[in-house]
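Heads up: the structure comes next, in structure tokens.
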Amino acid sequence: MSVEGTSCEGIVIRSGSGHCQVAVGSEIWRCRVRGRLRQGPREAQTIVVAGDRVRVANVVGNASPGVGGGEGVVEEVLPRRNRISRLAARRSGGRVEQVLMANLDQLVVVQSVRDPEPQTGFVDRLLAAALRFNVRGAVALNKIDLCRDADDRERELAHFGYYRCLGHEVVVASMATGEGLPELGALLAGQVTLLLGASGVGKSSLLNVLYPGLGLRVNDVSDGTGLGRHTTTHTELHPVPGGGFIADSPGLRGFDPWDIAPGDIRAYFPDLETAALDCRFRGCLHRGERECGVKDAVARGSVPVWRHEAYLGLLRDLEERERTAGYRK
């Protein structure tokens, strides 16, 4: 009969269904989550997620811990310094948190110029979530070689270049031409990074080019829908040469940030907050109010129309979620 040995600290590199893989030094332990951690009511879908620091006990009597061998038990999830979370889809209603990753240095939002088309407002929502939990945000615009002509390229660069004005690093990349790959590699080096984007934007393909040993699965975009097919099924951390981890993740088709109330969204759109200093009403939501500094800034062109629309779209969705949750209680 196996018994539990001494405990030590590790990093969860993959999690799912009550089990996880934990990096303990240079070894990978297969671990189950202690039953008492799963008991009682909770507001999050999962207890242990990729990036969590945990205390694990080796199960004595099984194979010695090591890559592909050894078993352990997660006894404790240590406090998280940050996380990226969204409101989970839940048919029964209520508010449930889906933590995508914990304890990261940066979030890189990946969009493609074409195939699939960029998701309107998607980058803005993810960067707002990053700001909410004090995670550094960056943007990678992939497949720049698919621009139709020089004018099309200029429009894309102007759009995504706006995020640089907000303090985010923006990398323009192409796997076909190699453009931007050294810059993206430098951005990821020595950091714990989560890559998020829709299926088909090329997250896994970019990582395979930068780190050929990963061998991540990739797939084509559907001709019928123009959307990517899911190939990554779990968020999983991979060690980066020179230090750090990179986390590939399943494609997202929507994102409602966790723990942001509708009235607080303005704080996570810093460019709108600056323009809001000229609003007549202190609680202005920059929607239908009179003498709104944000709407004036949009009219002048100092705040892009698409940026204001991204804010309004998120505001509508979170208000609807709040109304629905209140109705179902």
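Sorting check: for 146-159, 243-256, 198-211, which peptide has the highest mean count of neighbouring beta carbons within 10 Å, and how do the rest follow? Don't jump to the answer; show the numbers that get you there.
On the way: 146-159: 12.9, 243-256: 18.9, 198-211: 22.1.
Going from most to least packed, we get 198-211, 243-256, 146-159.
Our analysis of the range 262-328 gives Rg over Rh at 1.01, with the two radii drawn from alpha carbon positions and Rh computed by the Kirkwood formula. Couplings 3J(HN,Hα) for the range 190-205, derived from phi with the Karplus relation 6.51 cos²θ - 1.76 cosθ + 1.60 (θ = phi - 60°), are x, 10, 9, 10, 10, 9, 10, x, 5, 4, x, 6, x, 4, 5, 5 Hz, where x marks Gly and Pro.
The simple spin-label model puts a point 7 Å past each Cα toward its Cβ; for residue 134 and residue 150 those points are separated by 4.7 nm.
The peptide list 279-285, 257-263, put in order of mean Cβ contacts within 10 Å with the highest first, becomes 257-263, 279-285.
Sorting 295, 143 by the number of Cβ atoms found within 10 Å of their own Cβ, with the fewest placed first, yields 295, 143. Packing, taken as the mean count of other beta carbons within 10 Å per residue, orders the peptides 117-126, 26-35 from highest to lowest as 117-126, 26-35. Residue by residue, the range 70-83 carries 3J(HN,Hα) couplings of x, 10, x, 10, 6, 9, 7, 9, 6, x, 8, 7, 6, 6 Hz when phi is fed to the Karplus relation 6.51 cos²θ - 1.76 cosθ + 1.60 (θ = phi - 60°); x denotes Gly or Pro.
Amide H contacts of residue 172: 141, each under 5 Å away and 5 or more positions distant or on a separate chain (H built 1.01 Å from N in the peptide plane; Pro and chain starts excluded). With R₀ set to 25 Å, the beta-carbon distance separating residue 289 from residue 158 gives a calculated FRET efficiency near 0.30. Close amide-amide hydrogen proximity is noted between residue 104 and 82, each under 5 Å apart and 5 or more residues distant or on a separate chain (H modeled in the peptide plane; Pro and chain starts excluded). Suppose R0 equals 25 Å; then what is the FRET efficiency for residue 214 and residue 80 from their Cβ-Cβ distance, rounded to the nearest 0.05? According to the calculation, E is roughly 0.45.
No lab work stands behind these numbers, since they all come straight from the coordinates. Please read all numbers here as calculations on a predicted model, not as lab measurements. Cβ coordinates were reconstructed from backbone atoms using ideal geometry, including for glycine residues, and neighbour counts include every protein chain displayed.
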